[in-house]
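The values are calculated or read from the model by the stated rules, or taken from the named source; none is laboratory data. Keep in mind that this is a model prediction, so the values were computed, not measured. Every residue, glycine as well, gets a Cβ built from its backbone with ideal geometry; the counts of neighbours run over all protein chains shown. Note: accessible area is taken over every heavy atom of the protein model, side chains too, but ligands, DNA and RNA are not part of it. Shrake-Rupley method; radii C 1.70, N 1.55, O 1.52, S 1.80 Å.
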Amino acid sequence: MIELPELVAGGLAAGTLTALALGGSLVRSRRQKAALRAEVTELRARLEGTEGAFITEVEHLAARRMPAAAAQLAHPHLRVPGPAGQHTPGTPTGIALEYVLTALREELTAQRTRIDAAAQAGLRGATREIQAALYRLQDALRGLQQRYDDPELAQTLFALDHENEQSLRRAQVAAVVCGAWVGLAREESHVVDAVTGGQARLPGYHRVRVNNHLEPGTALVSHAVEPVAIIVAELLDNALRHSAPDTDVVVDLEHVHHGVCVTVDDAGLGMTHDERARAQRLVAGSDPILLTDLGDPPRMGLAAIGRLTRQFDLNVDVSSPSPYGGVRAVLRVDSHLLGRIDPGERPPSASAPRSTLERAVRREPVRETAGRTTSVREGAAPEAPVPGAPVPEAPVPGIMPAGFPAVAGPAPDRAGSAAEHERAPAPGREDPGDLAGLPQRRRRTPAAAPDAPRPQPSARRPEEAAAALAALQYGTAAARAPKRASAPEPQRTDDEGGAAG
């Protein structure tokens, strides 16, 4: 049998081993618990940091990114800020925030378009009524102009008509921006008439200088006349408004390879790069036009140009500076919008500038008399001598000034006592003896019978009258001039009136 002390010793040993095992387990559990507690604390801190970063991103999104994204719709040059955290882009949070911005842009665009369409519809209806009333007022004013002849009343009516024309232009531009028709149907017209018609709608029209380098008869098709006039008026209005009142606005009309160009140059302040880029986008007409993008109050000139260029296939460029320091605007009308009108049957308006090509073709001869140059037209009488001006010297016999028909016969003597000669008519000319009114020396002949009928002088042609007056002027000058040994040979002229080298 096992003795009691041995049993006790075994039990104590077993209890000791159990206590040791339990102590080790307790120590291990405490260590695990401490590790778990540290991990929980770390996770909690990380969660709090993530939550704080998310809250910061949301606040940054609401405070800066969303307003910038909304403003970017109206001003594309603005930049939308990125996320506040450096590690946010590409993460699920960053992707979700970008999706919020995209949805915001789409919704704002849809709402702006809907609201702007409603505003344009209301403005379009109002401008139609205003245009109709202004057209009725214009007809009434023109009827009064034709009815009354009082100069003061006529001047007042013309001033009122011009003011009405300016109001009509503003209403017309507003209607065009809102998508309405231009309001007028005109017949085929000269290009220069369309340009001067746009010029006449402005208050500062007297500052516009038009240089017409087009072929006479260059015209616009009927449906392009009014759009071209509106575009020219708006380009000139911008040039006049943004340049000093003592400067001119230069307009050049020239042929180009694809049609005709109307170039407007002003000497104003010009535009910055961003302003020029925005103006070019507006006149190009590629982007939709919203009233909310035109400022307060809305500036509709460039927007109207963009609407017309897209609708009528015209081209306007404002991307270049003017050589005068301001802005250069170029309107190009392509060949399919051009036609031709016979200038003899339908000439341009009297106020339109003459074509430089027409003046070059129909250049007039000139002559120099008493130190000044004058133009000599066929059939026109020469100017009377100015009192106090030096008397021209007598011409060499047989030579007449350029531009006058020659008169055959000897030159009168400088002392006024030339022998009597029978004058022979020049080839292709009539006998100058038929020139009534010209004092001539004749041989004495027996007086005709009183009852004999006197020959009636035939009607003189303009060339004959010019020859008679020229002979009288130079004959009188020769009689008054002092006698010289020889008469100096005058300067000969060529067919164009210039000095022959």
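Overview of results
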quantity	calculated
Residue list for the stretch 180-196, filter: modelled with pLDDT of 90 or more and in contact with a helix residue (DSSP H, G or I) (Cβ under 6 Å, 6 or more places away or on another chain)	GLU188, SER189, ALA194, VAL195
Of all residues making up the stretch 73-103, the number that are within 30 Å of ARG276 (Cβ to Cβ) and touching a residue at least 24 places away in the same chain (Cβ under 8 Å)	4
Pairs where the first residue, in the stretch 203-217, is over 14 Å from SER243 (Cβ atoms) and the second is of a type in the set (Asp, Glu) and in a loop (DSSP other than H, G, I, E, B), C-beta under 7 Å, 6+ apart	GLY217/ASP342
Candidates ARG310, ARG346 - the one that is on the phi < 0 side of the Ramachandran plot and part of a loop (DSSP other than H, G, I, E, B)	ARG346
Any chance GLU59 is at pLDDT below 80 and open to solvent by 100 Å² or more (accessible area, probe 1.4 Å)	no
Check on GLU98, of a type in the set (D, E, K, R) and surrounded by 11 or more Cβ atoms within 10 Å (Cβ to Cβ)	yes
Sole exception among (1) under 16 Å from VAL176 (Cα atoms); (2) surrounded by 12 or more Cβ atoms within 10 Å (Cβ to Cβ) for ARG105, by number	(1)
Test: residue in the stretch 75-90 that is over 19 Å from ASP287 (Cβ atoms) and in a helix (DSSP H, G or I)	no
Failed item, numbered, when GLN166 is tested on (1) part of a helix (DSSP H, G or I); (2) touching a helix residue (DSSP H, G or I) at 6+ places or on another chain (Cβ under 9 Å)	(2)
Filter result for VAL210 (surrounded by 14 or more Cβ atoms within 10 Å (Cβ to Cβ), closer than 22 Å to ARG299 by Cα and β-branched (Val, Ile, Thr))	no
Out of ALA194, ALA171, ALA224, sole residue that is open to solvent by less than 50 Å² (accessible area, probe 1.4 Å), under 17 Å from PRO343 (Cβ atoms), touching a Leu at 6+ places or on another chain (Cβ under 8 Å) and among the small types (Gly, Ala, Ser)	ALA194
